[in-house]
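**Q** Starting off with a structure, shown below.
The values are calculated or read from the model by the stated rules, or taken from the named source; none is laboratory data. If you're wondering where the values come from, they're calculated on a predicted model, not measured in any experiment. Virtual Cβ from ideal backbone geometry, glycine too; neighbours counted across all protein chains shown. Areas reflect the complete protein model, heavy atoms only, side chains present, ligands, DNA and RNA absent. Shrake-Rupley method; radii C 1.70, N 1.55, O 1.52, S 1.80 Å.
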Amino acid sequence: MSSGGCDLDKAIQQLRACRPIPENQVRELCHKARELLIEEGNVVGVDAPVTICGDIHGQFHDLMELFRVGGDVPDTNYLFMGDFVDRGFYSLESFLLLLCLKVRYPDRITLIRGNHESRQITTVYGFYDECLRKYGSANVWRYCCEVFDYLALGALVSGAATSLVPTDGPMAENTNLDNFPDSDADIEIETLNANGEIMYRYARNSDSQSSQPNSNPASSSPIAPTPSRVGPAGTGATSSANGSVKNDTGAILCVHGGLSPLIDTIDKIRLLDRKQEVPHEGAMCDLLWSDPDEIEGWGLSPRGAGFLFGADIVKCFNYKNDLSLIARAHQLVMEGFKEMFESTIVTVWSAPNYCYRCGNVAAILELGEDGSNAGYQRRSNGDQGGGGGGWILGSNDGSSSNMVGNGNDRRLSSVLGDNMQRTRDGPGRRYRVFEAAPQDSRGMPAKKPVADYFL
Amino acid sequence: MSGQEIPDLRTLLGSRRGGPSRGRARGRGGFGSSHEGREALKDEAVRNTDQDAAGSRVSCVELGYLHDPYAKLFATQPATRRLPLLNRGSYVRTSAIDDLVDRFMNASTGPKQIISLGAGTDTRYFRLRDRYPDLQLVYHEIDFATNTAAKLTSIQRHPQLHSKLTSRSAPNPLALPPAATTYHSSTYNVHALDLRTLAASSEENTLPTLPNIDPTLPTLLLSEMCLVYLPAPTVSSILSSFLQKYIPEPTPVSLILYEPILPNDAFGRTMISNLSTRNIHLPTLLAYPELSDQRARLQQYGFHQGAHVADTASIWRAWVTDEEKERVAALEMLDELEELDLLLRHYCVAWGWRDSGSEGVFTKAWADIKEQ
Ligand SMILES: C[S@@+](CC[C@H](N)C(=O)[O-])C[C@H]1O[C@@H](n2cnc3c(N)ncnc32)[C@H](O)[C@@H]1O
């Protein structure tokens, strides 16, 4: 598989058919991927438009469904927030395909590390066994684990539009039009089903905040309760009601798990030494393991790694780092996505019918590009592809110019003290919700490896 | 794992009750195309669930969740390590039932009886003998002949098991003939029969005799993933045979059920469809979808002194001590917490009893257990 070109395209073709590539090709692919990833900072800069995806977990056919629903690479830019492997039957094919796409179109696809991208976890949750089964040795597993160590820990999306250009697709069945915002409203959230039909639409600062999405099948997930109308005085984040101001959204931090008590600025993430197995504790571990929860401050995580963190922590972190939103994955959400803490953080889950058992739907989050953002720079398309480099945005300087000074705890506590409003309007968010790939195309092995239920 | 083995013809013969004749079914060229054929295949799938349960038990034991030296002696398949969340669930299942049984054993010093419905390869009898060597216990297990034969073969093969068949009154274990499907003694009894034959049928009121069932001993009926495979009216009828014919009033009787709940949400619907691809069907799951339905069902059976329910997620939270939780949590890294909660919420333990009230053995044993 010499650099880029047609060998890579052949490998992509083969993997798209869910057929593993030979061991020596995997070795080469992983080598190339490492060369590419080593150039990325711990926090990768990414420009909108981009489609943000959560856990995949080896559900290859559902990953194909995701590409069908969200658009193919390289036409759509993707950011995958980790947990490519384990649990599903096709971790190998899923991860290698994503890796091939990364090497082929480095500036079209971003992969960050999940807690399952680790030697220890993959030996318990299936990826190791799968490699052994498919290649007869652990070599491929070892190559992949070496790549895991180089994956970035987070991504910072900038240039996202504050309001959505509404989809003019048809309405989904059962959509209740009474709750729909006016056509000239500033659309903050739109939810579409796998056919692109509109399930739900929500206007920013709308008076109809009571218009919780009754008609939305996902309505049991608390979607976007009441975004605050006005940011704290002096932050310049006062938003206009009708979407005339479009470029005031802060950046969006993407990370697999969540925050860490050891990390109060994004710059601190940048300083970590990430090129190692995921440690059992410490900042790097927390970023991959933590969960938001309805608590105040920090709490112990029942997972035995990482922490729980409450709304105050998120709001403070977002304010301090000039973020409008944290997007993360890591937790199964039956409705595919779940916004929490007045939409300051969202969980995106992209493995439908998780483990072929949970019955959940999946979602991906599309962030549009902000047309009026002067700083927006179109990415090169990856067509000259293959070769390393390729990042137009430097990985280490993206959008940090507005940040409040490092580690300023006085500032932090004063924020906590008086005003916990959001400082930034969230980006316009389009969720595409989809179900598991149809049974017949899933190609489940005839013999399931383990008992799935208690019998 | 299932459905691929050759169906047991005895069941086919045993379940003839009208419908299309076998001749016609054969004529159409399909085993499985007749009503009997389909039913036989379903029974086959249900019988095979026992090795799933055995395998889950072995996985739990090997990883230190449960202490059970007998589990692996009954497993016919090589031990495969189950996922951490399945081990956790099996742990909660076994330890919750153990907890209820222990309280019964300790409630009074008198002799007691336990009847395990669809016992499969359950090891509870052997563990109880170790734990309560002096207690007078009459233990019964009921299962299909294929399963009881396999169990008795394992017992005969392993002295650790065989030696447990003795009691003070009968110190020498009976030698079992090869291919035995039943075993009877004053402490341990294995009955080979289809539970459906215990459903009191209106026409012929002849129930099979169950040797050594003592109609006077306080009796615990146990259905750990067994009655769920039968239609709800059949289950009612089987239980009324026990409660009225085999162990009539005023003998204290109780029932412990372990089975799935919540068939109508996304997880439940997926469970039903996944299991049906293995030809496993859970009729009572649909009949008693919620915890409250399980409670009402116990009352309907006549368990008026107590009828309680708890899902296994709440049992893990409320019944397991903090110390034990810590021990169990340290056994394996468990990442899939949301999924675990989802899974555990879909299984419940229900326990109900009939006795004389405040001085009754079950009231004493179970009155202060937290339900959900
Ligand atoms: C899932 S296994 C459970 C075994 C055991 N109770 C345990 O929890 O480990 C179900 C058992 O119930 C038995 N069973 C189901 N329906 C039965 C019936 N109609 N008559 C006798 N046994 C039955 C099966 O043969 C099987 O051994």
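**Q** Pairs under 9 Å by beta carbon, first residue of a type in the set (A, V, I, L, M) in segment B:178-196, partner assigned to a helix (DSSP H, G or I) and open to solvent by 40 Å² or more (accessible area, probe 1.4 Å), six or more apart or different chains?
**A** Pairs found: B:A179/B:T153; B:A180/B:T153; B:A180/B:Q156; B:A192/B:T146.
**Q** Looking at A:V314, A:V361, A:V346, can you tell me which residue is of a type in the set (A, V, I, L, M, F, W, C) and either under 19 Å from A:E435 (Cα atoms) or within 14 Å of chain B (Cβ to nearest Cβ) (or both)? Before the answer, list the steps.
**A** Details: A:V314 fails: either under 19 Å from A:E435 (Cα atoms) or within 14 Å of chain B (Cβ to nearest Cβ) (or both); A:V346 fails: either under 19 Å from A:E435 (Cα atoms) or within 14 Å of chain B (Cβ to nearest Cβ) (or both).
Only one candidate qualifies: A:V361.
**Q** Does segment B:135-161 hold any residues that are open to solvent by less than 50 Å² (accessible area, probe 1.4 Å) and away from the ligand (no atom under 15 Å from the Cβ), and which are they?
**A** B:L135, B:L137, B:V138, B:I155, B:H158, B:L161
For (1) without any contact (Cβ under 8 Å) to a residue 40 or more places away in the chain; (2) part of a strand (DSSP E or B); (3) not assigned by TED's automatic domain parsing to the domain that holds B:A45, each residue gets a yes or a no:
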site	(1), (2), (3)
B:R269	yes, no, yes
B:I272	yes, no, yes
B:R278	no, no, yes
B:G352	no, yes, yes
B:G357	no, no, yes
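**Q** List every residue pair whose Cβ atoms sit under 8 Å apart, with the two residues 6 or more apart in sequence or on different chains, where the first one lies in segment A:323-343 and is farther than 16 Å from A:C53 by Cβ and within 14 Å of chain B (Cβ to nearest Cβ) and the second, anywhere, is in a loop (DSSP other than H, G, I, E, B) and of a type in the set (G, A, S).
**A** Correct list of pairs: A:M334/A:S220; A:M334/A:S221; A:M334/A:G359.
**Q** List the number of the failed condition for A:F89; all other conditions in (1) in contact with a helix residue (DSSP H, G or I) (Cβ under 6 Å, 6 or more places away or on another chain); (2) at pLDDT below 95; (3) not β-branched (V, I, T) hold.
**A** With (1) in contact with a helix residue (DSSP H, G or I) (Cβ under 6 Å, 6 or more places away or on another chain); (2) at pLDDT below 95; (3) not β-branched (V, I, T) applied to A:F89, the lone miss is (1).
**Q** Name, by its number, the condition in (1) farther than 30 Å from B:R327 by Cβ; (2) modelled with pLDDT under 90; (3) open to solvent by 20 Å² or more (accessible area, probe 1.4 Å) that does not hold for B:K42.
**A** Single failed check for B:K42: (2).
**Q** I need a count of the residues in segment A:294-304 that are on the phi < 0 side of the Ramachandran plot and surrounded by fewer than 19 Cβ atoms within 10 Å (Cβ to Cβ). Before the answer, list the steps.
**A** First, pick out the residues of segment A:294-304 that are on the phi < 0 side of the Ramachandran plot: A:294-296, A:298-303.
In the following step, the residues that additionally are surrounded by fewer than 19 Cβ atoms within 10 Å (Cβ to Cβ) were identified as A:294-296, A:298-300, A:302.
So the answer is 7.
**Q** Kindly list the number of the only condition in (1) within 16 Å of the ligand (Cβ to nearest atom); (2) open to solvent by 40 Å² or more (accessible area, probe 1.4 Å) that fails for B:N189.
**A** That leaves (2) as the condition not met.
**Q** Among what's in segment B:62-89 and is more than 13 Å from the ligand (Cβ to nearest atom) and within 22 Å of B:S163 (Cβ to Cβ), pick the residue that is surrounded by the fewest Cβ atoms within 10 Å (Cβ to Cβ).
**A** Going through segment B:62-89, the residues more than 13 Å from the ligand (Cβ to nearest atom) turn out to be B:62-65, B:67, B:69, B:72-73, B:77-88.
Now narrow it down to the ones that are within 22 Å of B:S163 (Cβ to Cβ): B:67, B:69, B:72-73.
Working: B:H67: 9, B:P69: 13, B:K72: 16, B:L73: 18.
It comes out as B:H67.
**Q** Right, another one. Is it the case, given these coordinates, that B:V101 is within 14 Å of chain A (Cβ to nearest Cβ), open to solvent by less than 10 Å² (accessible area, probe 1.4 Å), within 16 Å of the ligand (Cβ to nearest atom) and of a type in the set (A, V, I, L, M, F, W, C)?
**A** On the way: within 14 Å of chain A (Cβ to nearest Cβ): no; open to solvent by less than 10 Å² (accessible area, probe 1.4 Å): yes; within 16 Å of the ligand (Cβ to nearest atom): yes; of a type in the set (A, V, I, L, M, F, W, C): yes.
Considered against the rule, which asks whether it is within 14 Å of chain A (Cβ to nearest Cβ), open to solvent by less than 10 Å² (accessible area, probe 1.4 Å), within 16 Å of the ligand (Cβ to nearest atom) and of a type in the set (A, V, I, L, M, F, W, C), B:V101 comes out as no.
**Q** Tally time: how many residues in segment B:237-264 are of a type in the set (G, A, S) and within 14 Å of the ligand (Cβ to nearest atom)?
**A** Taking segment B:237-264 and keeping what is of a type in the set (G, A, S), we get B:237, B:240-241, B:254.
Still in the running and within 14 Å of the ligand (Cβ to nearest atom): B:237, B:241.
Number of matching residues: 2.
**Q** Mind listing just one residue for me: the one in segment B:192-232 that is open to solvent by less than 20 Å² (accessible area, probe 1.4 Å) and among the polar types (S, T, N, Q) and, of those, farthest from the ligand (Cβ to nearest atom)?
**A** B:T219
**Q** How do the pairs read when you match residues in segment A:122-143 that are within 20 Å of B:N87 (Cα to Cα) with residues anywhere that are in a helix (DSSP H, G or I) and open to solvent by less than 20 Å² (accessible area, probe 1.4 Å), using Cβ under 6 Å and keeping only pairs 6 or more apart or on different chains?
**A** Sorted first by the residue in segment A:122-143, then by its partner, the pairs are A:F127/A:S91; A:Y128/A:T122.
**Q** Hey, another quick one. Does B:N264 satisfy the condition of being free of Cβ contacts under 8 Å to residues at least 40 places away in the same chain and assigned to a loop (DSSP other than H, G, I, E, B)?
**A** Spelling it out, B:N264 is indeed free of Cβ contacts under 8 Å to residues at least 40 places away in the same chain and assigned to a loop (DSSP other than H, G, I, E, B).
**Q** Then there is this: Counting only residues that are closer than 26 Å to B:L217 by Cα and either of a type in the set (A, V, I, L, M, F, W, C) or open to solvent by 10 Å² or more (accessible area, probe 1.4 Å) (or both), how many does segment B:252-267 have?
**A** 5
**Q** Need at least 2 residues that are surrounded by fewer than 24 Cβ atoms within 10 Å (Cβ to Cβ) and of a type in the set (D, E) per element, so show me which helices (runs of 4 or more DSSP H) inside segment A:1-120 make the cut, counting only ones lying wholly within it. It would help to see each step written out before you state the result.
**A** Numbers: elements: A:5-16, A:23-37, A:60-70, A:91-104.
Helices (runs of 4 or more DSSP H) meeting the threshold: A:5-16, A:23-37.
**Q** Does segment B:110-134 hold any residues that are within 15 Å of B:I213 (Cβ to Cβ) and away from the ligand (no atom under 15 Å from the Cβ), and which are they?
**A** Within segment B:110-134, B:P111, B:K112, B:Q113 meet the criteria.
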